[in-house]
């Protein structure tokens, strides 16, 4: 398998763009051997809100957030032409037939999860962990911004990093478009990681074909 695509929940803010992305990724899957790991979307936001109100244990909050990924994955499969879901890691590795697989992570992560149970570990790190277990070398994090910026691009003009090292990113003491645990995990797994805007799905294809495009590459 060539790559794992993590499709972020932030893309649900624009339904038309998300549906276009899913159509394009379905077409890409006919040419490139890829699988999708879903984000948590509003389902994970609901878990955060519940945690803030009721003070969940770290283990419970972590598992509930993983179940949120399953829910978003089922939604993505519903709007993606010719897509199907899988709970089994080995099935995902071995069953490529030109159709897009959407991997629902709960069964695997509940039995094989050495990641920290905290809100620093989100679907970004879980997607990287799964890619590492599948011995896949490329992770594409598909979100609603062009990549990693010096400061929040939604708050005004900011510099987009075409490349940034995982080590440098790990030293930042601020939020970015990826979770806090990801840089360390990338260093451990030696994954090639790209952060790209899902509103421009042609960029995903360019990354898979090793062509220059607008994105951030996180180097290790």
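Among the listed residues 74, 5, 11, identify the single one that is surrounded by 18 or more Cβ atoms within 10 Å (Cβ to Cβ), part of a helix (DSSP H, G or I) and touching a residue at least 12 places away in the same chain (Cβ under 8 Å).
Numbers: 74 fails: surrounded by 18 or more Cβ atoms within 10 Å (Cβ to Cβ); 5 fails: part of a helix (DSSP H, G or I).
Only one candidate qualifies: 11.
In the stretch 31-53, the residues that are at positive phi and modelled with pLDDT of 95 or more reach residues that are surrounded by 16 or more Cβ atoms within 10 Å (Cβ to Cβ) and part of a helix (DSSP H, G or I) with C-beta atoms within less than 6 angstrom, at least six apart or across chains, in these pairs: 41/9; 41/12; 41/72.
Checking each residue in the stretch 131-141 for being surrounded by fewer than 24 Cβ atoms within 10 Å (Cβ to Cβ) and modelled with pLDDT of 95 or more picks out only 138. Yes or no: residue 152 surrounded by fewer than 20 Cβ atoms within 10 Å (Cβ to Cβ), in contact (Cβ under 8 Å) with a residue 40 or more places away in the chain, more than 26 Å from residue 31 (Cβ to Cβ) and out of contact with any helix residue (DSSP H, G or I) (no Cβ under 8 Å at 6 or more places or on another chain)? Here the answer is no, as residue 152 does not meet what is asked. If you filter the stretch 170-208 down to residues that are within 15 Å of residue 28 (Cα to Cα) and free of Cβ contacts under 8 Å to residues at least 60 places away in the same chain, you find that the one that is surrounded by the most Cβ atoms within 10 Å (Cβ to Cβ) is 203. Inside the stretch 166-208, can you point out the residues that are closer than 19 Å to residue 135 by Cα and in a loop (DSSP other than H, G, I, E, B)? Once the filter is applied, which keeps residues that are closer than 19 Å to residue 135 by Cα and in a loop (DSSP other than H, G, I, E, B), the stretch 166-208 yields 190, 191. Between 163, 167, the distinction of being without any contact (Cβ under 8 Å) to a residue 60 or more places away in the chain, more than 22 Å from residue 10 (Cβ to Cβ) and either buried (at least 16 other Cβ atoms within 10 Å of the Cβ) or in contact with a strand residue (DSSP E or B) (Cβ under 7 Å, 6 or more places away or on another chain) (or both) belongs to 163 only.
Tell me yes or no: at least one residue of the stretch 197-219 is modelled with pLDDT under 95 and over 27 Å from residue 60 (Cβ atoms). Explain how you work it out, then say what you get.
Of the stretch 197-219, the ones modelled with pLDDT under 95 are none.
The answer is no; no qualifying residue exists.
For the stretch 82-104, a residue qualifies if it is more than 19 Å from the chain's Cα centre (by Cα) and either modelled with pLDDT of 95 or more or part of a helix (DSSP H, G or I) (or both), and the qualifying residues are 90, 91, 94.
Out of everything in the stretch 105-118 that is assigned to a loop (DSSP other than H, G, I, E, B) and more than 15 Å from the chain's Cα centre (by Cα), what residue ends up being farthest from residue 148 (Cα to Cα)?
Here is the first cut: in the stretch 105-118, the residues assigned to a loop (DSSP other than H, G, I, E, B) are 105, 112-118.
Right, trim to more than 15 Å from the chain's Cα centre (by Cα) and you get 112-118.
Working: 112: 30, 113: 27, 114: 27, 115: 23, 116: 23, 117: 24, 118: 22 Å.
Only one residue tops the list, namely 112.
The values are calculated or read from the model by the stated rules, or taken from the named source; none is laboratory data. The structure presented is a predicted model; accordingly, all values stated were derived computationally and were not measured. Glycine also receives a Cβ, built like all others from the backbone with ideal geometry; neighbour counts cover every protein chain displayed.
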